[in-house]
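Everything on this sheet refers to the single structure shown next.
Computed from the coordinates by the stated procedures, all read-outs in this text should not be read as laboratory data. What you are looking at is a predicted structure, and each value in this text was computed from that prediction instead of being measured. Neighbour counts run over all protein chains shown; Cβ positions are idealised from the backbone, glycine included.
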Amino acid sequence: MDEMKDAILEYVADEYIDEDDEIELTADTALISSGIVDSFSMVSLRAFLEKKYDVRLPDGEATPDAFDTVNSIIALVQKHLG
């Protein structure tokens, strides 16, 4: 799980956080509700997860709540891993 957490944190930091932003990103940082990840970004994050972990995340479960923290993202991905 630590490898997955680190990979997702790195992706979010690289893709959605500017170097000038003073955001402390942790596995519990609110991503959606804080505005770090918006609806367009959520689509690319979902595509990253599906490709990296060879998993299909159903539309009904790929919700803003499920994507609001790295920990909730990990739970969603692990639920659908073979």
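For this structure, a couple of remarks:
- Residue within the range 53-71 that is part of a helix (DSSP H, G or I) and under 11 Å from the mean Cα position of the chain (by Cα) present: yes
- Selected residue [touching an Asp or Glu at 6+ places or on another chain (Cβ under 9 Å) and surrounded by 17 or more Cβ atoms within 10 Å (Cβ to Cβ)] from ILE32, ILE73: ILE32
- Residue under evaluation SER41, criteria (1) surrounded by 11 or more Cβ atoms within 10 Å (Cβ to Cβ); (2) out of contact with any helix residue (DSSP H, G or I) (no Cβ under 6 Å at 6 or more places or on another chain); (3) of a type in the set (S, T, N, Q), criterion not met: (2)
- Enumeration of residues in the range 26-52 that are among the hydrophobic types (A, V, I, L, M, F, W, C) and over 18 Å from VAL77 (Cβ atoms): ALA30, ILE36, PHE40
Conditions tested, residue by residue: (1) without any contact (Cβ under 8 Å) to a residue 12 or more places away in the chain; (2) part of a helix (DSSP H, G or I); (3) charged (D, E, K, R).
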residue	(1), (2), (3)
GLU10	yes, yes, yes
GLU15	no, yes, yes
SER41	no, yes, no
LEU45	no, yes, no
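- The set of residues in the range 44-70 that are surrounded by 14 or more Cβ atoms within 10 Å (Cβ to Cβ) and within 15 Å of TYR11 (Cα to Cα) comprises LEU45, ARG46, PHE48, LEU49, GLU50, TYR53, PHE67, ASP68, THR69, VAL70.
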